[in-house]
């Protein structure tokens, strides 16, 4: 019939319909999305991918620098300089460093989007595109600053927020050709799966469901402010890795809980338990025990999601600055030599950097 | 699945009401076939696929048959020219991103996307025919049989097989091209040369041959069409361009939705939707009257039109332009009624609504009779078919059945029993 | 397969008919299964008006009628005349087109009664509203009155009042068209009520049986016990214990035992009769029905989950959502079918889309 997992499953379910209670749920619809099938990970597996990318890139560049730069420029370099070069480039850009710098630039994507007054969905999609690209691409191969506008432009197209390339380029004061240049590479890295189940609709849904579950027990204006604050938090959560590890409802609930824990817990208790979660399990009926288990599992997920949202990979200014400089050296090793020589001359102040680089990071 | 397949294909063809629709003009615009084989055939794409014959050319893409060099699997290659000005066209972006999410037995699968120099190639599952072409072929086959029978040529093989099946057999044998490209299909058959198929003869045969599909096949296709569309809607995607040309059929009589170039995800209403979606004949009345944002109801209208077309063989509303289209719809379905005004008043809010010039004589109470007459259906035995159609072709978008409701309609009861 | 053939057969039949049958029939006669015992013995001397075969000579002969005209025709004639497809009733001056499928055995001697019962069944299936479908008792009464009117008219108007009859038929059809959904629901309701009742009866029967068996068992136990007491008394007596004391002891024992037994019986009775038992039982039955019988037809072949994690409030005005309520006031949205409830449903659906997906756990399992 069809080779997809879901339809096999569906066929199987149809066969067993009379004997099992297995049914295709909305959860299965989510499982079928590319967001789950292609862009959801465990922490270990995502880390593995990132480390592998960092290693491969490091080896590739080491070779490149040794064979080309060291040989070509062999006469002009003295031994001390050669040692320094070896030392500098042997480390590569680690997975953590890449994550830090990508997060920094993702924030820049967000800032630009806000400046352009784009809808939340487009902002979130741009940020995701950007982050996803650097799961499989090194910041050395394509500097993040060159991808910002490509991401935003593609996100506009895929979210049906139509804006012509000309207008867009003029608005962001960039060269149109440069924006379009990397578009296909981006598409490819995204595995052509561009659809995202964003967090704003679930938030809206919970806003409604909380009203109906806590009928008469909640001030609607207050709930409105909780909604607004949570929405801001959700946009910021796109900076974290939460999107890879949790389903949209879980992230959304986490943000709501972070905003007003008492209120949301009350809602969840009433919705899923109907009894005090502190009740000892001995006095619960079987079905209550099942609900309690599910509830506990949800709470565990939410608290781990909370940690992930709070974990910031944003580097401080100094670190960012250093990493960015090192990326720059990979792209242009002669800059490193120049700086090394300059450093030797002044000899005293090592952290001195050329002015132009400083500006780039800020 | 298999039980349904055999049910449909083993069906014995029975001549339907001896009648023919007044319009004899036949849509042949889609008869792109092997005769127009591309000059650049044999082109290779990324070393993975080999381009074969050209299948058709659309506004933003050209479609070829292709073959996967490794597996030998046939595929459809949709080539999109990259725009130097805008990068990847947003239609392509839309199609790719939506097709990636939709994996369903009634939706054409997107296997691969390949980027070469100046073009983007989407690799799709290869289907054998689109619904329009298939209906044409069945009709021609039926004509052929009719003539053979009247000439009393005892060619058992072809006369015992219903045209629906014999068309498929031709597809399998690869002789499809012969049937389509033959200028006069009747003369191409192997009959005694002594009998001359004169023009008058031909007309006589034509008059007795139904252009529609066998009722059980209509049901089977209709079910798959609604099923696929329902899956889109469940994933919050509107197709927005459902028409027979975009419904693809393979030799297992599977029907799949194709061409998602106009599709888009929907959520809250967005008013920036253009009003020019959906080919005129399948465009819903609210869109025709100028509605700019819409929901799933525009797809269900198209489904209604397509089912009616499968029954009769000709498009239900064949308007020459937008105004004519609106008029044709009102003439059959009836003009909006007072009752609609009381309930929702949907139509008076539409920019093109003009109650003054419209004649309210036909109040739409007898839609079911009108449909029965147009489609030559029997009020009693085809009641369920008519009931489904009436409910899909409601003027008020809120009253139109959702795809899920349509699947639950008793019309599909017998299919249901065979699956559960 | 067979259904498909039946379908095409039907079509074949239509094609053979004259232009278009005017009479519209909206119901199917599936309750025509009558035992042959019901055949009236007094009718032995009756002759089939078509083939003139006498009942007397061929006692196996059965008469059938078609609810179109209720003209009596023998079974073999029906076979002979109508097998090839619908055709005119063979009675002179009767122009009704009859179908073989619709022929049935006559239950009541009086054809008028037979006709009325048929009409009543047919109308009841369409005009099947319950009291709870009405706002006031008067409305319901009015509905019952209307229904009786329709039945009366349909069963008493004959071919002489063709136009009048047609009007009533049309009225009925319009009613059906307008209430399609409710009709289906109510028919379902009726069916499940019937089922429930018969189930209730059978459960009560088994309970009763169980109780009787218990009583019988207790009686037997009693007899057995009495015998053992006697033996006990004899045994004690033979030991030379005081006679009166023994008897008092045994009497006491019996009394205690009996009262405990009675208590047991009462308890059992209570359990057996208690509502909770039957109630639970039926809850289960209903669940089973819901799970298996009424599976909605959905993209995954009827295996979609029936219970959503959310419920859209019926009174959706309750939701405080300025954004949506403002949208619902914009004419262009109203015009193309904007519906607040649908939007709320979509949003709530998104809130729980993937709620049960614990990503890390599932991805771990997949690896």
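The values are calculated or read from the model by the stated rules, or taken from the named source; none is laboratory data. Note that this is a predicted model, so its numbers are computed, not measured. Here the Cβ is made from the backbone with ideal geometry for all residues, glycine too, and neighbour counts use every protein chain on show.
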Quiz item: All but one of (1) under 30 Å from residue C:133 (Cα atoms); (2) at pLDDT below 75 hold for residue C:185; which doesn't?
Solution: (2)
Self-check item: Yes/no for residue C:346 being within 19 Å of residue B:230 (Cα to Cα), modelled with pLDDT of 85 or more and surrounded by fewer than 21 Cβ atoms within 10 Å (Cβ to Cβ)
Solution: yes
Exercise. Report, by residue number, each residue of region B:34-55 that is at pLDDT below 85 and surrounded by 18 or more Cβ atoms within 10 Å (Cβ to Cβ).
Key: B:45, B:55
Quiz item: Is one or more of the residues making up region B:94-116 closer than 22 Å to residue B:241 by Cα, away from chain A (no Cβ under 14 Å) and either surrounded by 18 or more Cβ atoms within 10 Å (Cβ to Cβ) or touching a helix residue (DSSP H, G or I) at 6+ places or on another chain (Cβ under 6 Å) (or both)?
Solution: no
Quiz item: What number of residues within region B:253-282 satisfy the criterion of being modelled with pLDDT of 65 or more, in a loop (DSSP other than H, G, I, E, B) and surrounded by 19 or more Cβ atoms within 10 Å (Cβ to Cβ)?
Solution: 10
Quiz item: How many residues are on the phi < 0 side of the Ramachandran plot and in a loop (DSSP other than H, G, I, E, B) when one looks only at region C:57-90?
Solution: 17
Quiz prompt | Matching helices (runs of 4 or more DSSP H) fully within region A:25-104 where at least 2 residues are within 26 Å of residue A:128 (Cβ to Cβ) | solution = A:26-31, A:34-37, A:43-64
Quiz item: Would it be correct to say that residue C:288 is modelled with pLDDT of 65 or more and assigned to a helix (DSSP H, G or I)?
Solution: no
Quiz item: What is the residue count in region B:364-391 for residues that are more than 22 Å from the chain's Cα centre (by Cα), in a loop (DSSP other than H, G, I, E, B) and within 9 Å of chain C (Cβ to nearest Cβ)?
Solution: 5
Quiz prompt | Candidate set: region A:237-269, residues that are within 11 Å of chain C (Cβ to nearest Cβ) and in a loop (DSSP other than H, G, I, E, B); chosen: the one surrounded by the fewest Cβ atoms within 10 Å (Cβ to Cβ) | solution = A:246
Quiz item: If you check A:208, A:194, A:203, A:234, which single one turns out to be closer than 30 Å to residue A:158 by Cα and in a loop (DSSP other than H, G, I, E, B)?
Solution: A:194
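Results for (1) surrounded by 14 or more Cβ atoms within 10 Å (Cβ to Cβ); (2) under 30 Å from residue C:83 (Cα atoms); (3) not assigned by TED's automatic domain parsing to the domain that holds residue C:69, shown as yes or no for each residue.
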| position | (1), (2), (3) |
| --- | --- |
| C:129 | yes, no, yes |
| C:136 | no, no, yes |
| C:148 | no, no, yes |
| C:157 | yes, yes, yes |
Quiz item: For the subset of region A:291-319 comprising residues that are in contact with a helix residue (DSSP H, G or I) (Cβ under 6 Å, 6 or more places away or on another chain) and within 12 Å of chain C (Cβ to nearest Cβ), which member is farthest from residue A:233 (Cα to Cα)?
Solution: A:301
Quiz prompt | Residue that is modelled with pLDDT of 70 or more, away from chain A (no Cβ under 13 Å), under 26 Å from residue B:220 (Cα atoms) and surrounded by 13 or more Cβ atoms within 10 Å (Cβ to Cβ), where the choices are B:8, B:61, B:76 | solution = B:76
